[in-house]
Amino acid sequence: MSASIPQDVFSAEWLALREELDARSRSHRLTGLAVDWLDKRSAGAPYGIVDLGCGSGSNLGFLASRLPGPQRWRLVDHDAQLLVHARRRGALLRDRAGSRVALETHCRSLSPMDRELLADADLVVASALFDLMSRSWVESLVAACAGHGQALLLTLSVDGDWAFLDRHGARVEESEDIAVRTLFQTHQHRDKGLGPALGGEGPAVLASILLAAGFWVESDATPWHLTAGDATQRGLAEALVTGWHDAAIEETPTQAARLGAWRDRRLADIDAGELGVTVGHRDLFAWPAERG
Ligand SMILES: C[S@@+](CC[C@H](N)C(=O)[O-])C[C@H]1O[C@@H](n2cnc3c(N)ncnc32)[C@H](O)[C@@H]1O
């Protein structure tokens with residue numbers, strides 16, 4: 001999730017907490033399609049890659065060594081502190097052939113969509129972003145990429161699903177969990193500054209807008225699985241439950257006592273190693289049809 005934690009400001013600590021799980025969950029098949037796409041482009045000039053909402057650079061960290069070079073990254077985010085982390089990380093990274101990657105950072109809002117920001121890119125990437133964005137912003141992004149003949153690798157977009165898992169990995173669905181999830185899904189649609197947010201509809205809306213614009217689209221489910229009893233994942237699981245609880249309370253403040261009891265029970269279940277968590281995500285790779 002970008003917004004399984006319902007906030008508009010993302011701390012470096014929170015992004016670090018999720019980074020390993022993100023890397024484990026991502027679709028290697030779709031990364032491979034992005035590699036093929038770049039390999040087919042003319043060699044020589046550096047490949048231009050734009051990372052929208054780059055945060056502290058975990059998308060860059062995952063992709064740089066897997067993609068061909070030379071690479072020239074443009075990292076865009078409105079959080080100056082996160083861009084400092086991203087720059088530090090980028091300075092250490094190498095491409096698939098072992099050469100350093102070039103990068104520039106842009107501290108600015110993604111809205112309105114600025115076509116110039118994308119102009120000389122081969123590949124546009126974004127990770128854990130689309131639940132925050134609006135339909136009209138996605139339409140502008142896709143129109144710009146279609147105009148420039150660019151491919152898009154859009155990873156780890158939440159699909160609105162989450163559930164607890166028992167020790168065998170089976171879903172646990174009590175009525176109170178379902179009620180909180182429904183409140184959370186409603187909360188995800190709150191405006192983050194660009195109009196009503198897509199929330200868990202992000203992956204479906206992305207795919208339909210890309211297909212309508214003539215892109216080929218491939219997509220894989222990339223859920224997080226936090227295993228019951230795994231102490232290394234407990235902090236993230238607890239942060240998720242707290243975030244779902246806080247969002248639910250914002251939707252129904254009068255239910256604070258009931259929701260507080262739900263949170264405390266589920267945190268205790270996680271702490272006792274009885275429950276894990278799954279959070280639904282999807283990765284998507286899209287490329288202009290005429291380049292097939
Ligand atoms: C959930 S974080 C994901 C960060 C990174 N892509 C990752 O996978 O770790 C979402 C990022 O989008 C950025 N962001 C959200 N809305 C934005 C906007 N309107 N303009 C620029 N950046 C934005 C946030 O600052 C944050 O770094």
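The values are calculated or read from the model by the stated rules, or taken from the named source; none is laboratory data. Keep in mind that this is a model prediction, so the values were computed, not measured. Ideal geometry is used to build each Cβ from the backbone, glycine not excepted, and the neighbour counts take in all protein chains shown.
Odds and ends about this structure:
- When residue 103 is tested against the conditions (1) farther than 24 Å from residue 39 by Cβ; (2) in contact with a Gly (Cβ under 6 Å, 6 or more places away or on another chain); (3) not hydroxyl-bearing (Ser, Thr, Tyr), the lone failure is (1).
- Subset of segment 181-191 (residues that are within 16 Å of the ligand (Cβ to nearest atom) and surrounded by fewer than 20 Cβ atoms within 10 Å (Cβ to Cβ)): 189, 190, 191
- Of all residues in segment 201-241, those satisfying the criterion of being without any contact (Cβ under 8 Å) to a residue 60 or more places away in the chain and either more than 30 Å from residue 144 (Cβ to Cβ) or touching a Lys or Arg at 6+ places or on another chain (Cβ under 7 Å) (or both) are 230, 231, 232, 234, 237, 238, 241.
- Those residues of segment 27-62 which are within 10 Å of the ligand (Cβ to nearest atom) and on the phi < 0 side of the Ramachandran plot, in sequence order: 51, 52, 54, 56, 58, 59, 60, 61, 62
- Only one of 69, 53, 57 that is touching a residue at least 24 places away in the same chain (Cβ under 8 Å), farther than 18 Å from residue 156 by Cβ and either touching a strand residue (DSSP E or B) at 6+ places or on another chain (Cβ under 6 Å) or not aliphatic (A, V, I, L, M) (or both): 69
- Every residue from segment 152-167 that is at positive phi and either without any contact (Cβ under 8 Å) to a residue 60 or more places away in the chain or not hydrophobic (A, V, I, L, M, F, W, C) (or both): 160
- Only residues that are more than 9 Å from the ligand (Cβ to nearest atom), among the hydrophobic types (A, V, I, L, M, F, W, C) and assigned to a loop (DSSP other than H, G, I, E, B) were counted across segment 124-162, and they come to 1.
- Taking first residues from segment 168-187 that are under 17 Å from residue 226 (Cβ atoms) and partners that are polar (S, T, N, Q) and at pLDDT 95 or above, the Cβ contacts under 8 Å between residues at least 6 apart in sequence or on separate chains come to 169/227; 171/278.
- Pick from segment 92-123, criterion farther than 21 Å from residue 288 by Cβ and in contact with a His (Cβ under 8 Å, 6 or more places away or on another chain), ranking: farthest from the ligand (Cβ to nearest atom): 107
- Given (1) closer than 23 Å to residue 30 by Cβ; (2) touching a helix residue (DSSP H, G or I) at 6+ places or on another chain (Cβ under 8 Å); (3) free of Cβ contacts under 8 Å to residues at least 12 places away in the same chain, number of the condition residue 198 does not satisfy: (3)
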